[in-house]
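Taking it in order: structure first as structure tokens, then the write-up.
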Amino acid sequence: MKAWEDLVGGDLTPAEVKLIQACLAGQPCGLGEDRPDAPSDMTKIRAPVLKALITDSLRDQPTTDIGVHLEGPILAACSTFGCPAPRA
């Protein structure tokens, strides 16, 4: 997962690892039934990881035709996609 870690400049969160593995396997990724009250490493997905999965920018690890199917995350640094970042 080094290429993914290079995207975020360090270790991936458990939620990011789970999402990447699910996308590469063509499976949905559930991080919880309800929207979390606060960010935690179990639910936090950083924008560079999500962007790479959506745009399929890591060619050696492409997502499948299912794309990105994600439930229950907190998106960190959402402004990368042109929307305001969540307030703390």
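The values are calculated or read from the model by the stated rules, or taken from the named source; none is laboratory data. A quick note: this is a predicted structure, and the numbers were derived from the prediction, not measured. Because the Cβ atoms are built from the backbone with ideal geometry, glycine has one as well, and the counts that use them run over all protein chains shown. Surface areas here come from the heavy atoms of the whole protein model, side chains and all, with no ligands, DNA or RNA. Shrake-Rupley method; radii C 1.70, N 1.55, O 1.52, S 1.80 Å.
Here are a few things to note about the model shown:
- Electrostatic bookkeeping for residue 8 treats Lys and Arg as +1 and Asp and Glu as -1; over the other residues with beta carbon under 13 Å from its beta carbon, the sum is -1.
- Probing with 1.4 Å while keeping every protein chain in the model, the per residue accessible area of segment 25-68 equals 65 Å².
- Net lengthening on full extension, residue 68/residue 25 (0.36 nm per residue, minus Cα-Cα): 14.4 nm
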